[in-house]
Amino acid sequence: MPATLAGIRIVEFGGIGPGPFAAMMLADHGAEVIRIERPGASFGPHALARSRKAIGVELKSPQGVEIARALCRDADGLIEGFRPGVMERLGLGPDTLLAGNPRLVYGRMTGWGQDGPLAQAPGHDINYIAVAGLLDGIGTPGAPPVAPVNYVGDFGGGGMLLAFGMVSALLAVKRGAPGQVVDAAMTEGAALLASMSWGFKAAGMWHDGPAANLLSGAAPFYRTYACADGRHVAVGAIEPQFYAALAAGLGEDPDGQMDSAAWPMRAERFAARFATRTRDAWLTHFAPEACVSPVLTFDEAATHSHNTARGTFADGAPAPAPRFTATPAAPPQPSQPGEWTDRVLADLGYDEPQIAALRAAGTIG
């Protein structure tokens, strides 16, 4: 069977981070993604650019803009990650393109959104999750908050949310709705990821600051510990039966799990106990019900028995996810900048002399 999104065509305007991640997810599951880069540009991390039809087009030239418009007239969706107003100044804004293709789903990926006081302000993942309220709770007491790489803003609250928005709007078009703009802001996506924490706050069960809550490191049964060899284990024994198995493995009393006043002292005892053995020795010591896992490096994760059995990684990068039983994703394909330029232009009706003239003018690469 064809992959889930087979038959969907997406035009991606080259960028970095969350936009390419969203396009990668769509391409992984069968969408035809045509990625437009400036001639001579190079991709960012190769995994994010996989499975694309990459072309080199100079969008500062009228001929390049016309190529982009021609692609969008026959596309189902578009993804761009520029600051608000950039695509409009290029003559590629949503009003223009939706006039030529009323069914187009126009995906916009920004940090702050298309409007608001910060819409034109520069920023990166750490700025967006700071304003969303998430960064305050990540880290250890007495130290500044810790940036969780760029997983939360760029990819969880950004690219993944844009991919969800694109698929939702594409489904709406299939049901007869018009094309529309998908305004995906990383600040709002990051805030959405914290929905459960906001629920705790509404119930009076949330405390500001790092390591102040059950799931942020306050509880001794939900945190990481250093072992004798300097490596670490992650403990997630929340349910009483799992905590009982953890306590048994550490030689601790299983009573009083939810006595938060005793958590700091208990965490100190747990830490001292974990420091007496190596990480792997603890893994063989605990029963599976104790919910003790190794904290793995990338290289270790790639060779872990569960990940290899599932095929979680392939060719040095994460494999497509999620899994579909009837319409599985095809293996990711490598993509090189500009490799599809001539073929895509030929599909648009450009002949060889026209393509040669565009290349001589620097319009294509």
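The values are calculated or read from the model by the stated rules, or taken from the named source; none is laboratory data. This is a predicted model, so every value here is computed, not measured. Reconstructed Cβ throughout: ideal geometry from the backbone, glycine too, with neighbour counts over all protein chains shown.
Among Leu90, Leu5, Leu71, Leu26, which is of a type in the set (A, V, I, L, M, F, W, C), under 24 Å from Met186 (Cβ atoms) and touching a strand residue (DSSP E or B) at 6+ places or on another chain (Cβ under 8 Å)? Only one candidate qualifies: Leu26.
When the helices (runs of 4 or more DSSP H) confined to the range 75-131 are screened for residues that are without any contact (Cβ under 8 Å) to a residue 60 or more places away in the chain and within 26 Å of Pro62 (Cβ to Cβ), those reaching at least 2 such residues are found at 86-89, 94-100.
Given the structure, is Val173 farther than 30 Å from Glu32 by Cα, over 23 Å from the mean Cα position of the chain (by Cα) and β-branched (Val, Ile, Thr)?
In short, no.
Considering the range 40-69 alone, what residues qualify as being surrounded by fewer than 18 Cβ atoms within 10 Å (Cβ to Cβ), more than 18 Å from the chain's Cα centre (by Cα) and of a type outside the set (S, T, N, Q)? Selection gives Gly40, Ala41, Lys60, Pro62, Glu66, Arg69.
Among the criteria (1) touching a residue at least 40 places away in the same chain (Cβ under 8 Å); (2) in the same structural domain as Glu58 (by TED's automatic domain parsing); (3) not in a loop (DSSP other than H, G, I, E, B), the one Glu339 does not fulfil is (3). Filtering the range 349-361 to residues that are within 11 Å of Ile67 (Cα to Cα) and either at pLDDT below 95 or loosely packed, with under 14 Cβ neighbours inside 10 Å (or both) leaves only Gly349. Among helices (runs of 4 or more DSSP H) entirely within the range 217-297, having at least 2 residues that are at negative phi and aromatic (Phe, Trp, Tyr) singles out 240-250, 263-274.
For the range 300-330, a residue qualifies if it is more than 20 Å from the chain's Cα centre (by Cα) and of a type in the set (D, E, K, R), and the qualifying residues are Glu300, Arg310.
Of the numbered criteria (1) without any contact (Cβ under 8 Å) to a residue 12 or more places away in the chain; (2) surrounded by 15 or more Cβ atoms within 10 Å (Cβ to Cβ), the one Ala309 fails is (2).
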